[in-house]
Protein chains: 2
Amino acid sequence: MENRKYFDAIFHPRTLAVVGAPQERPLGWPGIFGCIRDYGYPGRLYPINPRVTHVEGVRSYPDLVSVPEPIDLVIISVPAPAVPAALMDCVASGNRNVHIFTSGFNETGEEKGVELHRQILEIAHAGGLRVIGPNCMGVYVPKERLTTWVNPSRKDGPVAFVSQSGGHAQDFTGFASRLGIHFSKVVSYGNALTLDSTDFLEYLAGDPDTQIITMYLEGVKDGRRLLEVVSRINRTKPVIILKAGLTEAGTRAVASHTGSMAGGEHIWDAFFKMSGAVRVFSLEDMAHLTLAFRHLDTTGGNRIAVIGHGGGIAVSAADACSSAGLTIPPFSAETQEELRSFIPSSGNMIRNPVDAIPIFIDTANIQQMLDLASSELDIDMLMVSLSLDWIYDVDGGVHINRIAEYLAGHAREFVNGKPLVVTWRTYRNDPRIFDAGLRIERLLLESGIPVYRGFESATGALARWARYHRFIRERIPV
Amino acid sequence: MENRKYFDAIFHPRTLAVVGAPQERPLGWPGIFGCIRDYGYPGRLYPINPRVTHVEGVRSYPDLVSVPEPIDLVIISVPAPAVPAALMDCVASGNRNVHIFTSGFNETGEEKGVELHRQILEIAHAGGLRVIGPNCMGVYVPKERLTTWVNPSRKDGPVAFVSQSGGHAQDFTGFASRLGIHFSKVVSYGNALTLDSTDFLEYLAGDPDTQIITMYLEGVKDGRRLLEVVSRINRTKPVIILKAGLTEAGTRAVASHTGSMAGGEHIWDAFFKMSGAVRVFSLEDMAHLTLAFRHLDTTGGNRIAVIGHGGGIAVSAADACSSAGLTIPPFSAETQEELRSFIPSSGNMIRNPVDAIPIFIDTANIQQMLDLASSELDIDMLMVSLSLDWIYDVDGGVHINRIAEYLAGHAREFVNGKPLVVTWRTYRNDPRIFDAGLRIERLLLESGIPVYRGFESATGALARWARYHRFIRERIPV
């Protein structure tokens, strides 16, 4: 990739300039200059503001041409009518990597904005600028202490996020951090004046810090190229995509948001089928899929054993698995017989799904259960389903901790190498039980076991995760 | 309904007997006798236990025949093999209203259980018993201080729940109470030996305390009768049904759980179409629908205005509305022009969905927004969408409270009588923001405004709520 060095500069900048850094922080928000400083960016940071000599104690320059060294990434944060002049300053100073934060262009659908869009496009093309935006949050790279927003996670991890929306970039990374999902590189690119999702994708394909790629797309300029790039990358780095604007109202909203053409639903159905990209339907859904890819290795199939307690809940689990596309084969007669040796028939279900409170009274029973279920040839993966309200009543939460510690610890020695996930729920209005759930989440996530609230999120994630591995296996000879 | 007086006795019992009340409370659970006492049942409660003279200080009787007065509801909690004798005691003593808590019958699929099922069915039929169960939790009536489980809500309300699962009865009522949904009568009826869902429905149709009926069904014995009864009741009391076991795995699980035949998916599709019953897909979904019916009056259509802030979120809202079956018509040119007078074009969307942080900076702006949107002829209902992470940053939560108080208070004077719901979300991992969300929920629910976390739950609920009203309107001449 010939452009690699430019993208290296964008994502690992040693110098930054903020055009339009204000002398005073705006009310209720530190501003981009403030955010970059607060997050602890260690490179050289230049405020550009012709009306002041210093911004937050840092010497300010009237324009980019006056700055004594080349700038790896220029961030433009002046009102829309002043953006063309700022871009010309970029061209004049030879700084070609630009993030335009400002909005008010073609996405407004109004004459003035459309005309400004035409102007900046012309300047960018003529000057050979590489523009992220306008109308977006730009770049977040925790490893480089680089961000444009308030207090994102400081941890870095193997997930990249290419997001057309700046709000989603902040929301998704925040939500994901609760699940222990951290990021290599995040870019929000808004109206995609020159750089589009595919450009970032090509760079991330070769990025050693990135193993999983998540995307939020409103529109795309070159669909054929996106298909080609995603199909190629997806073989080694799963590409998980939230495609917005596929409904009538969504199409209109996308046009108002980033001035994008959403594209038809049939085209996108075909895109997902052909590329094997993993399709998600909300930010939460995207986080749940990422969690599965983050911690689970691979699978030979989609057959699941569900181990829980509560009959109605077991029925719900079975329906949720089937609806999502997982199958729940009944255990063999031999396994059912062994289960009957420590699970009485009255009030318990042992065929799969399993509904048996005795299993959860003693960790030795969980162990035997996991061992038996995972030894079944017809089972590819295991889900433990915890209704905390019920276990809490046993002894006010002590036992919940014991189960959590077992599942986070020794359990994986007894699953015959098969994937294990845990789901939990509480319906009772008791903050102590909810807190017990949060502790379980922490323990399991720290030990690399995906944990979900409720079934739907888990079954949906597992089914698509398994489908991805089938796609990769069948399409690509190993 | 000729059986009304028997059901009156079951749901408003002045006398109860618990057959098999143990001298000592079981480990980790108070037992049924203990639950009834702990909840403060004010009627006369008789323990039946031939091996002791007293249970928890209450005089015990060896059998029902020895009890000095008629029993409105006998609760049987002895091991399965002892149930036939207990039922014969009911027949001998002339106490015909029976709840069998015990499990271990045809749902086990094992010879012993199936034989016991045959025996108790024969005794019940021969003796004219009205049996709730076996394998269930029976009756919960907060107004009568009657329950068989640990510490349910003490508040009563206009919602009835007819649940084949005892676990779901506890889980759903617990979850619903967080949303301020309280119950008139709840019955969990398990294997449905003699009394089936339709019997309870017919009674609830005439119950003055019940305005909304929720149901969890695994199987049903007389589908034609259910269709007839639901179709009739649904005209005046919305019937909201979670039908389980419609997948292959779910069908098997239902057989193991309550020994029921789940029925085919096509039959149930037709059932919902013909009866107009509101179909839900999980306990959470059922609570979200109930919340809409509880607080919203009626609607002429399914056209919604979405008022929020954040562009990506606005696109998500539009997609969620469209996917659920709501339409989001663009506002008229006049309304858009009026909106532009206080919402700048840069960074804001005003066509519907609305993405405009200025609206949320000043409650006068929210008011003008609500007034303008609800004055549109093409708008039937309003959704305010709050991304708390963003509003929190304005001033650390003070403003969130101001918005919540306005929405819970004066807002309804400016919606032109149209339904208003609120959705909120936080993605940031900050307990203070989550707590602010909980405060909003409390305030709004107390003032009768449905509030939802995330869009999907809200749009799904509103779409089906609107569809119900359309069904009722078109099928029944007013």
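Things to note:
- Failed item, numbered, when A:Arg439 is tested on (1) surrounded by 23 or more Cβ atoms within 10 Å (Cβ to Cβ); (2) within 23 Å of B:Asn429 (Cα to Cα): (1)
- Of the residues making up segment A:433-456, those that are within 13 Å of another protein chain (Cβ to nearest Cβ) and more than 19 Å from the chain's Cα centre (by Cα) are A:Ile433, A:Phe434, A:Asp435, A:Leu438, A:Gly454, A:Phe455.
- Residue match in segment A:97-118 (condition: closer than 30 Å to A:His288 by Cα and among the basic types (Lys, Arg)): no
- In segment A:454-469, the residues that are modelled with pLDDT under 95 and of a type in the set (D, E, K, R): A:Glu456
- Meets criteria (touching a residue at least 24 places away in the same chain (Cβ under 8 Å), part of a helix (DSSP H, G or I) and of a type in the set (Asp, Glu)) for B:Glu338: yes
- Qualifying residue in segment A:86-104 (condition: modelled with pLDDT under 95, outside any helix (DSSP H, G or I) and over 26 Å from the mean Cα position of the chain (by Cα)): yes
- Meets criteria (within 11 Å of chain B (Cβ to nearest Cβ), free of Cβ contacts under 8 Å to residues at least 12 places away in the same chain and in contact with a Leu (Cβ under 8 Å, 6 or more places away or on another chain)) for A:Asp319: yes
- Residue, nearest to the other protein chains (Cβ to nearest Cβ), within segment A:204-239, restricted to residues that are among the hydroxyl-bearing types (Ser, Thr, Tyr) and more than 15 Å from A:Ser275 (Cβ to Cβ): A:Tyr216
- Every test in (1) of a type in the set (S, T, N, Q); (2) within 13 Å of chain B (Cβ to nearest Cβ); (3) assigned to a helix (DSSP H, G or I); (4) touching a Phe, Trp or Tyr at 6+ places or on another chain (Cβ under 9 Å) is passed by A:Asn429 save one, and that test is (3).
- Test: residue in segment B:173-181 that is in a loop (DSSP other than H, G, I, E, B) and surrounded by fewer than 23 Cβ atoms within 10 Å (Cβ to Cβ): yes
- Single match in A:Ala21, A:Ala85, A:Ala92, A:Ala80 (criterion: in contact (Cβ under 8 Å) with a residue 12 or more places away in the chain, surrounded by fewer than 22 Cβ atoms within 10 Å (Cβ to Cβ) and hydrophobic (A, V, I, L, M, F, W, C)): A:Ala92
- If you go through segment A:376-426 and keep only what is assigned to a strand (DSSP E or B) and of a type in the set (S, T, N, Q), you end up with A:Ser385, A:Ser387, A:Thr423.
- Annotation note: Cβ proximity below 7 Å between a residue of segment A:343-372 that is over 21 Å from A:Glu405 (Cβ atoms) and a residue that is among the acidic types (Asp, Glu) (sequence gap 6+ or interchain) occurs for A:Ser345/B:Glu110; A:Asn348/A:Asp355; A:Met349/A:Asp355; A:Leu372/A:Glu338.
- Any chance A:Pro142 is within 13 Å of chain B (Cβ to nearest Cβ) and under 19 Å from the mean Cα position of the chain (by Cα): no
- The set of residues in segment B:291-316 that are at pLDDT 95 or above, assigned to a helix (DSSP H, G or I) and touching a strand residue (DSSP E or B) at 6+ places or on another chain (Cβ under 6 Å) contains only B:Phe293.
- Residue in segment A:185-193 that is over 20 Å from A:Ile100 (Cβ atoms) and among the basic types (Lys, Arg) present: no
- Residues (charged (D, E, K, R), farther than 20 Å from A:Thr214 by Cα and touching a strand residue (DSSP E or B) at 6+ places or on another chain (Cβ under 7 Å)) located in segment A:111-160: A:Arg130
- Qualifying positions in segment B:24-54 - touching a residue at least 40 places away in the same chain (Cβ under 8 Å), on the phi > 0 side of the Ramachandran plot and surrounded by 13 or more Cβ atoms within 10 Å (Cβ to Cβ): B:Gly31
- Residue in segment B:438-452 that is part of a strand (DSSP E or B), within 27 Å of A:Arg178 (Cα to Cα) and modelled with pLDDT of 95 or more present: yes
The values are calculated or read from the model by the stated rules, or taken from the named source; none is laboratory data. What you are looking at is a predicted structure, and each value in this text was computed from that prediction instead of being measured. Note that we place each Cβ from the backbone using ideal geometry, even for glycine, and neighbour counts take in every protein chain shown.
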